[in-house]
Each structure stands twice: as structure tokens, then as C-alpha cells.
Amino acid sequence: MRGSVECGWGWGHCAPSPLLLWTLLLFAAPFGLLGEKTRQVSLEVIPNWLGPLQNLLHIRAVGTNSTLHYVWSSLGPLAVVMVATNTPHSTLSVNWSLLLSPEPDGGLMVLPKDSIQFSSALVFTRLLEFDSTNVSDTAAKPPGRPYPPYSLADFSWNNITDSLDPATLSATFQGHPMNDPTRTFANGSLAFRVQAFSRSSRPAQPPRLLHTADTCQLEVALVGASPRGNRSLFGLEVATLGQGPDCPSMQEQHSIDDEYAPAVFQLDQLLWGSLPLGFAQWRPVAYSQKPGGRESALPCQASPLHPALAYSLPQSPIVRAFFGSQNNFCAFNLTFGASTGPGYWDQHYLSWSMLLGVGFPPVDGLSPLVLGIMAVALGAPGLMLLGGGLVLLLHHKKYSEYQSIN
């Protein structure tokens, strides 16, 4: 039991000073992962000299003493391998013969290997669909009767080179099922837009997540696909690498500020490592119209992370090529919308976005609007007390100057 004089973490005279916390952070964080304000960012589609073009996108973000590598590919299900090194000179090496073989181990490397400070991956394995027609409980899990999922390993994808935009540091993977006997995607597509950043900023469209030079943004959009039910809800199955026998941690952060994402007071985070070393971050909201707004906002539910057998998931060649075959995977589901309110059925449109990054996730400060409201709310009582004190003082002075007549 903690004694009355023992100091604990928190507010009070025993709380650690900001300088002490920063010192602990400085020595705990790996060199080169403390974040840089600006980076030199380049996007390159890695050519396959052995055959037809394959969608392998390399985003390289170079800082003063570190390099971030984001390798995106639609070989198999759409996936990203994230690597951070403590040198500005690290490079990506691709062995296409190995990468395209049944045993791709070693086909993807970042060199020099001893410069790697952090590495992990995300794999978007399946597009989910649920029939929510007879579901009244908005928190039901699953949110309705599931339809057979669409495996993203069985999608046909566009040529990523055609969508590469160096001006915005972005590219889009757009695909549809190769086998579509019911023609549900005859006029539709599933798109993953990837964007990197050279400095801190905030996008103009909700949910306006704060990004930095250490992050990469993913925007997912389902457009024009015919739902298999009148009130279909869609979702994504996402897999990541476990940390030994354990899964990465999932956290929720709450705020009183919703200026950047109206009516959304929560931020969800997937964290790799206890410091953490890397993260995925998103607002639990999707949108059924473009541009998104309060009227078209849909709730986004994330299931708990759970260990998953590798053979039960669609396999990503780039993840296998970089990490090898002996890995523990963890998976979770994201579902968008509820049985009531706006939904995909309104305009056959759904969008959702997340940030991926290295080091500590960006932290939103209070917006100027909220700070102004707080200043007024906290200042008004003070002004009233000050005004009341002046009135009493003047009132007392008036009577103290009265001279009685004897």
C-alpha cells in the first residue's frame, strides 16, 4: 500500500518536472526517432526489370540524421512496410526474382540492416459487408449478418504510376474484384490514396488529422459499388505484426475540442512498442458524402486486437519478403456506419482516413476557438469579482468621507 509521503505520478508537489520527463524521453527513445520538423520526401515506383510493371511504391523521407521508408504494394492484399533508420543514407533493396517467387523471404531489404531502429507493417486483408436491416442495437458486434467478404488479394489494381503526383506527394491504388459474377463493382471501385508530408500541417477536409514530416496519410474510399443489401454496412479487416507473443496496444484519447472534426471527441491509436516506436492514428468517423461534414458523418467502430494465424489471412509478399515467414500476426476489424442515420446507401460513397508514423503520435493542442471560449468562461467570474470588489471599495470610501455634525 502506498504511504502518505510516497510520491506517485500525477499532479502535486511530487509530480516530475517537465524537464525530468523530457530527459527520460530523450534517453529512452532510440536515436533518430525523436522526430524532425522537415524532411526531403520522394516517391518512386520501383520498376520490375524482369517482367510487367508491379505496383511497388517507395516513399523515402530523409531527415538530418534519419530516414523513413514506407513501402506500399498491391502484390497480394494492399500492404505497407514501415521502416525507420538512424542514418540519412539508408536505401531500399528489391530482389524481384525472390519477391515474385513462392518463397519471397529476403526479397525486400533496407540497408544497412544495423541502422534499422523500427519496422512493422499493416495489411488490409478483406473488405467486409454486413446486412444491418434488422439490427436495432448500434453497438452490436458484428453489426449485422455478414456477407462473404471480398479478399483484397483477389483484386485487380490500376497502374500506380498513372496516379503518381509529385506535387502533392501522393498516389492512389484503385481496384475491384477480378471475379465479380454479380457485377457489384461494375461501376465501383475501392481506392487507397497514400500521401506523404515534408512538414507539419493539417488537411482542409475532416477529420483534419494533424500530420508531421514523420507521418504518412492513408485515405480509403469505396465509391459506386452496389451493396448486397438495402442497408449494408462496410468495414475493413486489418492485420499487423505482433510484438513477440503480444499484440500492439490500442488506445482511445478523449478531448473537449471538436473544431477540426465536428461532434467527434475521440482519437483512436494503434501503438507499436511501449515508448511507442510507431503508430497508426485515426478519428472514429467516416463520411458518406464528399466533402465530408457533420451531416454525413458515420461512426467507426474498431474491434479489439486479437492474435491471428498467418495461414488464415491473405498473404502479403512484401511483408513476407521483409520480415520472413516466422511472424505472429494480430488483426482487428473496422466497421463504418450504423443501422440508423446516414449510410453508404445514401450516395454509394464511403471515405475514412488514418495516419501512419514513426515515433510519438502528433498531439492536438486546444484550438484557438476553444481557448477563446475557455478564456471567456474562466475570465468572466474573475471580472465579476473584480467589479464587485471595486463597487464595495467605492461604497466604503463614500461613507468613510462623511463627517458627522455634533
Of the residues in region 94-121, those that are surrounded by 14 or more Cβ atoms within 10 Å (Cβ to Cβ) and of a type in the set (S, T, N, Q) come to Asn95, Ser115, Gln117, Ser119, Ser120
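Name the strands (runs of 3 or more DSSP E) wholly inside region 267-314 in which the number of residues that are modelled with pLDDT of 90 or more and small (Gly, Ala, Ser) is 2 or more.
Numbers: elements: 278-282, 285-287, 297-302, 306-308.
Ranges flagged: 278-282, 297-302.
Specify the residue that is most open to solvent (accessible area, probe 1.4 Å); the eligible residues are those in region 315-339 that are in a loop (DSSP other than H, G, I, E, B) and polar (S, T, N, Q). Full working, then the answer.
Narrowing region 315-339 to residues in a loop (DSSP other than H, G, I, E, B): 315-316, 324-328, 337-339.
Now restrict to residues that are polar (S, T, N, Q): 315-316, 325-328, 339.
Working: Gln315: 95, Ser316: 9, Ser325: 58, Gln326: 165, Asn327: 42, Asn328: 85, Ser339: 14 Å².
Among them, the one singled out is Gln326.
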Only one of (1) within 17 Å of His58 (Cβ to Cβ); (2) touching a helix residue (DSSP H, G or I) at 6+ places or on another chain (Cβ under 9 Å); (3) open to solvent by less than 50 Å² (accessible area, probe 1.4 Å) is not met by Trp157, so which one is it? (2)
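Just checking: which of the strands (runs of 3 or more DSSP E) contained wholly in region 72-114 hold 3 or more residues that are within 27 Å of the chain's Cα centre (by Cα), closer than 18 Å to Val62 by Cβ and in contact (Cβ under 8 Å) with a residue 40 or more places away in the chain? Before the answer, list the steps.
Values: elements: 78-85, 91-94, 108-111.
Filter on region 72-114 gives 78-85.
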Would you check if Ala204 is on the phi < 0 side of the Ramachandran plot, assigned to a loop (DSSP other than H, G, I, E, B) and under 15 Å from the mean Cα position of the chain (by Cα)? no
Enumeration of residues in region 183-208 that are basic (Lys, Arg) and either at pLDDT below 90 or in contact with a Leu (Cβ under 9 Å, 6 or more places away or on another chain) (or both): Arg193, Arg202, Arg208
Residue satisfying condition, being in a strand (DSSP E or B) and either touching a strand residue (DSSP E or B) at 6+ places or on another chain (Cβ under 9 Å) or farther than 26 Å from Ser325 by Cβ (or both), within set Leu209, Leu233: Leu233
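Could you please let me know if Leu222 is in a loop (DSSP other than H, G, I, E, B) and surrounded by 15 or more Cβ atoms within 10 Å (Cβ to Cβ)?
On the way: in a loop (DSSP other than H, G, I, E, B): no; surrounded by 15 or more Cβ atoms within 10 Å (Cβ to Cβ): yes.
Against the criterion (in a loop (DSSP other than H, G, I, E, B) and surrounded by 15 or more Cβ atoms within 10 Å (Cβ to Cβ)), Leu222 does not qualify.
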Does region 137-154 contain any residue that is open to solvent by less than 40 Å² (accessible area, probe 1.4 Å), in contact with a strand residue (DSSP E or B) (Cβ under 6 Å, 6 or more places away or on another chain) and hydrophobic (A, V, I, L, M, F, W, C)? yes
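Among the residues of region 165-177, which ones are buried (at least 16 other Cβ atoms within 10 Å of the Cβ) and hydrophobic (A, V, I, L, M, F, W, C)?
Step one: filter region 165-177 for residues buried (at least 16 other Cβ atoms within 10 Å of the Cβ), giving 169-177.
Correct list: Leu169, Ala171, Phe173.
Could you list, in sequence order, the residues of region 207-219 that are charged (D, E, K, R) and open to solvent by 30 Å² or more (accessible area, probe 1.4 Å)? Lay out the reasoning, then the answer.
Within region 207-219, the first condition is being charged (D, E, K, R), and the residues that meet it are 208, 214, 219.
Scanning region 207-219 gives Arg208, Glu219.
Can you tell me which residue in region 315-331 is nearest to the chain's Cα centre (by Cα), limited to those that are of a type in the set (Gly, Ala, Ser) and modelled with pLDDT of 95 or more?
Pass one, region 315-331, residues of a type in the set (Gly, Ala, Ser): 316, 321, 324-325, 331.
Filter again for modelled with pLDDT of 95 or more, leaving 316, 321, 331.
Values: Ser316: 20, Ala321: 24, Ala331: 15 Å.
Only one residue tops the list, namely Ala331.
The values are calculated or read from the model by the stated rules, or taken from the named source; none is laboratory data. Here the structure is a predicted model, which is why all the values come from computation and not from measurement. A quick note on method: Cβ atoms are made from the backbone with ideal geometry, for glycine too, and the neighbour counts reach across all protein chains shown. Heavy atoms of the whole protein, side chains included, go into the accessibility calculation; ligands, DNA and RNA do not. Shrake-Rupley method; radii C 1.70, N 1.55, O 1.52, S 1.80 Å.
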